[in-house]
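Here's the structure we're looking at; comments come further down.
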Amino acid sequence: DAGVTQSPTHLIKTRGQQVTLRCSPKSGHDTVSWYQQALGQGPQFIFQYYEEEERQRGNFPDRFSGHQFPNYSSELNVNALLLGDSALYLCASSLVGRGGEGFFGQGTRLTVV
Amino acid sequence: GIQVEQSPPDLILQEGANSTLRCNFSDSVNNLQWFHQNPWGQLINLFYIPSGTKQNGRLSATTVATERYSLLYISSSQTTDSGVYFCAGTGGFQKLVFGTGTRLLVSP
């Protein structure tokens, strides 16, 4: 049973570029949430997708957008990258009705130069 | 909104020692999880513990929901226990709100 998988594991982008990160949820899970973790801090909630729609959003600008596909996998897109977007991006999957127990992927470390 | 606070922020132990990490959370938290973040950044699930006590090997956790706190116990610590421990609470819609973490260093 595969857990949550994210790709790529590392990425270096130039300021102003756009980036797409990918996440495949744990088998049987239907909800995907994305988090940003800056160095030395706890993960911060970006948004959550369920039934291919954004269900809840944290305090992040519109440059951050996402998508969920019919197979429950998800993408996180960030446009017009800023140096401050450098962080570890974590994807969590969960199952609606199971109280929110989340399982995380290994993360994508994004560096913006 | 949901608030989660952890203490202590840093902890240094000798191998073999025991420790207790604390997590306080606000009224709007329905469920609580404990995670260990390894040096490569992955968050490893330790416990999903809305209330009561659970044990897994040398680790155990207790959540007293009526008093809005949870404790993570690490017994006979090992160097591999080093890392950052997070508690996270959920309210509606399964959004996890994390505490600031406890950074644990276990020295040989």
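Each reported figure results from applying straightforward, stated rules to the coordinates on display, with no laboratory input. Fair warning: this is a prediction, and the values are worked out from it, not measured in the lab. Glycine gets a Cβ as well: all are built from the backbone with ideal geometry, and neighbour counts include every protein chain shown.
Can you put B:SER82, A:SER74 in order, fewest other beta carbons within 10 Å first?
Taking fewest neighbouring Cβ atoms as first place, the list is B:SER82, A:SER74.
In whole Hz, what ³J(HN,Hα) sequence does the range A:101-113 give by Karplus (6.51, -1.76, 1.60; θ = phi - 60°), x for Gly and Pro?
My calculation for the range A:101-113 gives 5, x, 10, 9, x, 7, x, 10, 8, 9, 10, 10, 10 Hz in order.
Sum up the charges of everything whose Cβ sits under 11 Å from the Cβ of A:LEU83, counting Lys and Arg as +1 and Asp and Glu as -1, but leave A:LEU83 out.
Here the charged neighbours net out to +1.
Mind running the shape call on the range A:46-91? Use the C-alpha gyration tensor, a ≥ b ≥ c as the square roots of the eigenvalues: rounded below 1.5 for a/c, prolate if a/b tops b/c, oblate otherwise.
In terms of gyration-tensor shape, prolate.
With unit charges on the beta carbon (Lys/Arg positive, Asp/Glu negative), name the residue among A:SER74, A:SER27, A:HIS10 whose Cα is farthest towards the positive pole of the charge dipole of the range A:5-112.
Towards the positive end, the residue furthest out is A:HIS10.
Find which of B:PRO8, B:PHE35, B:THR20 sits farthest along the positive direction of the dipole of chain B, computed with +1 on the beta-carbon of Lys and Arg, -1 on that of Asp and Glu, about the Cα centre.
B:PHE35
Extent of the range A:5-112 along each principal axis, from alpha carbon coordinates, in Å, largest to smallest?
That works out to 39, 25, 24 Å along the principal axes.
Once a ≥ b ≥ c are taken as the square roots of the eigenvalues of the Cα gyration tensor of the protein assembly as shown, is the result rounded (a/c under 1.5), prolate (a/b larger than b/c) or oblate (a/b not larger than b/c)?
Judged from the Cα gyration tensor, the protein assembly as shown comes out prolate (a/c at least 1.5, a/b above b/c).
Counting other Cβ atoms within 10 Å, which trypsin sites (Lys or Arg not before Pro) in the range B:1-83 have at most 15 and lie in a DSSP loop?
Those satisfying the criteria are B:ARG58.
What lysines does B:LYS54 reach when the alpha-carbon gap must be under 27 Å and sequence neighbours fewer than 8 apart in one chain are set aside?
A:LYS26, B:LYS95
So what does the Cα-only Debye profile of the range B:4-107 read at q = 0.12, 0.15, 0.20, 0.24 Å⁻¹, as log10 I(q)/I(0), no solvent term?
-0.35, -0.55, -0.97, -1.36
What FRET efficiency comes out for A:GLU54 versus B:GLU15 if R0 is 35 angstrom and r is the Cβ-Cβ distance? Round to the nearest 0.05.
Computed FRET efficiency for A:GLU54 and B:GLU15: 0.15.
About its Cα centre, how strong a charge dipole does chain B have in debye, to the nearest 20, once Lys and Arg get +1 and Asp and Glu get -1 at the Cβ?
Value, rounded to 20: 160 debye.
Between A:ARG63 and B:GLN3, what's the calculated FRET efficiency when r is the beta-carbon distance and R0 is 30 Å? Round to 0.05.
Using R0 = 30 Å, I get an efficiency of 0.65.
Indicate, rounded to the nearest 5 percent, the antiparallel portion of the DSSP beta bridges found entirely in chain A.
90 percent
How long is the gain from B:LEU105 to B:GLN78 if the chain were fully straight, where each residue apart is worth 0.36 nm and the alpha carbon distance is subtracted?
Full-extension gain reported as 8.8 nm.
Below 14 angstrom from the Cβ of A:GLU52, what's the summed charge of the other residues (Lys, Arg +1; Asp, Glu -1)?
It works out to a net charge of -4.
How about the range A:24-85: which GluC sites (Glu not before Pro) there are in a DSSP loop, with at most 15 other Cβ atoms within 10 Å of their Cβ?
Answer in residue order: A:GLU51, A:GLU52.
Once amide H atoms are placed 1.01 Å from N in the peptide plane, what residues at a sequence separation of 5 or more from A:VAL96, or on another chain, have their amide H within under 5 Å of its amide H?
Amide H neighbours of A:VAL96: A:ASP30, A:THR31.
Do you know the relative contact order of chain A, to the nearest whole percent, from alpha carbon pairs under 8 angstrom that are 6+ apart?
With pairs under 8 Å counted, the relative contact order is 37 percent.
Nothing charged except the Cβ atoms of Lys and Arg (+1) and of Asp and Glu (-1): what's the magnitude of the dipole of the range A:5-112 about its Cα centre? Round to the nearest 20 debye.
It works out to roughly 380 debye.
Please compute the net charge surrounding B:ILE12, taking Lys and Arg as +1 and Asp and Glu as -1 over other residues with Cβ under 13 Å from its Cβ.
Charge balance in the 13 Å sphere: -2.
Between B:GLN55 and B:GLU67, what is the spin-label point distance in nm, taking each point 7 Å from the Cα along the Cα→C-beta axis?
In this crude label model, B:GLN55 to B:GLU67 measures out at 2.0 nm.
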